[in-house]
Amino acid sequence: MKIPTNLKHKPVIVSENYENVDGKYAYKTDAKGLSLGLAQWNDRGKVDISAKVWRHTGDKWSRQSEELPLHRVLDLSILVCRTLQYFQEAYRYENLYDPEKPVIDRVGLQGDAMTVAVCTDNEMIDEDIKLFNQALSDNGELIGERLRTLARILEEMGY
């Protein structure tokens with residue numbers, strides 16, 4: 001399925017077969033494509049690049065398609081990686097976290113730091129964190145494959 005080029009987001013680089021590789025949703029997902037392109041919120045004289053997940057209902061392109069600035073895509077990747085790293089050792093805590101010290105890390109970015117923490121405001125955190133940990137475990141092979149691919153590409157790029 002071809003990603004539309006007549007909408008406000010202007011695709012430059014596309015993956016039009018994303019539905020075939022969308023993790024455990026492969027071949028049965030509404031996420032039909034990914035693109036990197038010119039952001040829909042661009043103003044005259046100001047150009048931002050965004051990443052977009054294109055969703056299709058079967059009849060039309062969905063309003064639930066997501067568009068994110070590239071730095072947010074990378075920030076989410078940092079959050080995912082730091083979370084995975086945390087859960088490798090979380091078994092040491094009775095409830096997979098220390099309620100007295102919910103902050104996992106402060107990741108330095110742009111002269112400040114992004115706080116990574118267990119959400120203790122969640123009333124169901126003790127149950128939800130166990131479900132989250134199980135889902136990470138269940139999807140370990142899918143996540144690991146993508147992390148190894150990302151690590152290889154970053155190494156090839158000199159990072």
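The values are calculated or read from the model by the stated rules, or taken from the named source; none is laboratory data. Computed from a predicted model, the values in this text were never measured in an experiment. In this analysis, Cβ positions are derived from the backbone assuming ideal geometry, glycine residues included, and neighbour counts consider all displayed protein chains.
How many residues does region 32-43 hold that are surrounded by 12 or more Cβ atoms within 10 Å (Cβ to Cβ) and more than 13 Å from E67 (Cβ to Cβ)? Residues that pass the stated criteria total 1.
Residue-level check: of (1) at pLDDT 90 or above; (2) over 19 Å from N20 (Cα atoms); (3) not in a helix (DSSP H, G or I), R63 misses just (1).
Residues of region 81-106 being assigned to a helix (DSSP H, G or I) and of a type in the set (A, V, I, L, M, F, W, C), which ones?
Taking region 81-106 and keeping what is assigned to a helix (DSSP H, G or I), we get 81-87, 90-92.
Across region 81-106, the qualifying residues are C81, L84, F87, A90.
Every test in (1) within 21 Å of the chain's Cα centre (by Cα); (2) part of a loop (DSSP other than H, G, I, E, B); (3) under 25 Å from V14 (Cβ atoms); (4) of a type outside the set (K, R) is passed by I78 save one, and that test is (2). In region 128-158, of all residues being more than 16 Å from the chain's Cα centre (by Cα) and not in a helix (DSSP H, G or I), the one that is surrounded by the most Cβ atoms within 10 Å (Cβ to Cβ) corresponds to M157. Tell me which residues, restricted to region 1-17, are surrounded by 12 or more Cβ atoms within 10 Å (Cβ to Cβ) and in contact with a Ser or Thr (Cβ under 8 Å, 6 or more places away or on another chain). I3, H9, P11, V14, S15, listed by residue number. Looking only at region 1-40, residues that are outside any strand (DSSP E or B) and in contact (Cβ under 8 Å) with a residue 12 or more places away in the chain come to 16 in all. Does A51 qualify as being closer than 25 Å to E141 by Cβ and out of contact with any Leu (no Cβ under 8 Å at 6 or more places or on another chain)? So A51 fails the test.
Any residue in region 110-123 that's among the hydroxyl-bearing types (S, T, Y): show its pairings with residues that are not in a strand (DSSP E or B) at Cβ separation under 9 Å, as long as the two are six or more apart or on different chains. Listed pairs, sorted by first residue: T120/Y97; T120/P99; T120/P102.
Which is in contact with a helix residue (DSSP H, G or I) (Cβ under 7 Å, 6 or more places away or on another chain), within 23 Å of G23 (Cβ to Cβ) and not aliphatic (A, V, I, L, M), of F132, F87?
Working: F132 fails: in contact with a helix residue (DSSP H, G or I) (Cβ under 7 Å, 6 or more places away or on another chain).
That would be F87, the only listed residue that is in contact with a helix residue (DSSP H, G or I) (Cβ under 7 Å, 6 or more places away or on another chain), within 23 Å of G23 (Cβ to Cβ) and not aliphatic (A, V, I, L, M).
Residue pairs whose Cβ atoms lie under 8 Å apart, sitting 6 or more positions apart in sequence or on different chains, and linking a residue in region 51-71 that is surrounded by 12 or more Cβ atoms within 10 Å (Cβ to Cβ) to a partner that is part of a helix (DSSP H, G or I) and not β-branched (V, I, T), are A51/L70; V53/Y18; W54/Y18; L68/L76.
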